[in-house]
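A short worksheet on the structure shown next.
The values are calculated or read from the model by the stated rules, or taken from the named source; none is laboratory data. All values reported here derive from a predicted model rather than from experimental measurement. Glycine also receives a Cβ, built like all others from the backbone with ideal geometry; neighbour counts cover every protein chain displayed. Surface areas here come from the heavy atoms of the whole protein model, side chains and all, with no ligands, DNA or RNA. Shrake-Rupley method; radii C 1.70, N 1.55, O 1.52, S 1.80 Å.
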Amino acid sequence: MRDTSTLKVMKTDAEWRAQLTPDQYRITRQNGTERAFSGPDFEPGRHGTYHCICCNRPLFRSKAQFDAGTGWPSFLAPMTDDAVTRHPDASYGLTRTEIRCADCEAHLGHVFPDGPPPTGLRYSINGVALSFEQE
Ligand SMILES: [Zn+2]
């Protein structure tokens, strides 16, 4: 059993299905991945905050965003270290670290150790898992 005691937002599968679009549901609740360059247009350069599409928790600031050229929004770090949780993911024969929203467990994407300074990390996030709030 998964430990869900730290989650602030818990909904049933039916509730998530009713709230989310089919794409949002598939990616955030069923560990999907959007095709590169298919997500919302989240080009770096705007000022604001990216929120979890499921529970609206603020997750990433635009100033931590960079263009990794991958077709997915990429960030140096989350807004606060405890905004996301990290989980080993061995699917597809790869060893990756999955990133989830700390409040509702939405699957967001993965973190890779090949980012630019200062963190050297690349949080590669599905655009449909995020909403953008301009500042
Ligand atoms: Zn969330």
*Please work out which residue is most open to solvent (accessible area, probe 1.4 Å), limiting yourself to the range 59-76 and to residues that are part of a helix (DSSP H, G or I) and out of contact with any Gly (no Cβ under 9 Å at 6 or more places or on another chain).*
63
*asked:* Being in contact with a Cys (Cβ under 8 Å, 6 or more places away or on another chain) and either assigned to a loop (DSSP other than H, G, I, E, B) or surrounded by fewer than 16 Cβ atoms within 10 Å (Cβ to Cβ) (or both) is true for just one of 79, 10. Which residue is that?
replied: 10
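Hey, among the residues in the range 31-58 that are of a type in the set (A, V, I, L, M, F, W, C) and part of a loop (DSSP other than H, G, I, E, B), which one's most open to solvent (accessible area, probe 1.4 Å)? Spell out the reasoning first.
Of the range 31-58, the ones of a type in the set (A, V, I, L, M, F, W, C) are 36-37, 42, 52-55.
Add one more test, that the residue is part of a loop (DSSP other than H, G, I, E, B), and what stays is 36-37, 42, 53-55.
On the way: 36: 39, 37: 158, 42: 26, 53: 41, 54: 9, 55: 33 Å².
Applying the filter and picking the extreme gives 37.
Please go through the range 87-117 and give me each residue that is more than 19 Å from residue 61 (Cβ to Cβ), within 15 Å of the ligand (Cβ to nearest atom) and without any contact (Cβ under 8 Å) to a residue 40 or more places away in the chain, ordered by number.
If we filter the range 87-117 for residues that are more than 19 Å from residue 61 (Cβ to Cβ), which is where we start, we get 87-98, 104-105, 107, 110, 112-114.
Subset that is within 15 Å of the ligand (Cβ to nearest atom): 87, 98, 104-105, 107.
The one that is more than 19 Å from residue 61 (Cβ to Cβ), within 15 Å of the ligand (Cβ to nearest atom) and without any contact (Cβ under 8 Å) to a residue 40 or more places away in the chain: 87.
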*asked:* Test of understanding: among 97, 28, which residue is modelled with pLDDT of 95 or more and part of a helix (DSSP H, G or I)?
replied: 28
*Just wondering, is there one or more residues in the range 27-37 that are in contact with a strand residue (DSSP E or B) (Cβ under 9 Å, 6 or more places away or on another chain), more than 16 Å from the ligand (Cβ to nearest atom) and under 24 Å from residue 14 (Cα atoms)?*
yes
